[in-house]
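The values are calculated or read from the model by the stated rules, or taken from the named source; none is laboratory data. Given the structure is predicted, the values throughout are model-derived calculations rather than measurements. Note that we place each Cβ from the backbone using ideal geometry, even for glycine, and neighbour counts take in every protein chain shown. Protein only, heavy atoms only, side chains kept; ligands, DNA and RNA dropped before computing areas. Shrake-Rupley method; radii C 1.70, N 1.55, O 1.52, S 1.80 Å.
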Amino acid sequence: ERPREFLIQVLERVKAGRRAEGEYPFLMDEANVDAMFSLLDVLGQGYIRPAQYREALKTLGLSTEDLELEDDGEITLDVFKEGMKKKMLESWSV
């Protein structure tokens, strides 16, 4: 509703996180990550392919450099959530 105030609060949390005085903000809540996964898992199999996972990270502007995934592997929702959270935190700390 008030984007300016929201951005100021997020940037203050980033600054605090860099000073180790708080946690970095996580702009996507669990429902957002669940929704993104369900959009990728159109057949409802309970997993996505590593290529889809890489593209989801790229879409969010997150790094895929250090991903070590087998091309024929399966990424479950739990792995997807954990990976997204990790990559978001890494992006804030750079």
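Points worth noting:
- LYS81 being under 16 Å from SER38 (Cβ atoms), under 14 Å from the mean Cα position of the chain (by Cα) and of a type in the set (Lys, Arg): yes
- Selection status of LEU89, in contact (Cβ under 8 Å) with a residue 12 or more places away in the chain and aliphatic (A, V, I, L, M): yes
- Tally of residues being among the acidic types (Asp, Glu) and either surrounded by 12 or more Cβ atoms within 10 Å (Cβ to Cβ) or assigned to a helix (DSSP H, G or I) (or both) across region 25-40: 2
- Any hit, region 41-51, residues being outside any helix (DSSP H, G or I) and modelled with pLDDT under 80: no
- Residue tally, condition open to solvent by 100 Å² or more (accessible area, probe 1.4 Å) and either free of Cβ contacts under 8 Å to residues at least 24 places away in the same chain or part of a helix (DSSP H, G or I) (or both), over region 63-84: 7
- The residues of region 52-62 that are among the aliphatic types (A, V, I, L, M) and in a helix (DSSP H, G or I), listed by number, are ALA56, LEU57.
- Within this structure, LEU40 fails the test of being within 16 Å of GLU90 (Cβ to Cβ) and not small (Gly, Ala, Ser).
- Residue that is nearest to LEU69 (Cα to Cα) [pool: residues in region 17-40 that are aliphatic (A, V, I, L, M) and modelled with pLDDT under 75]: MET28
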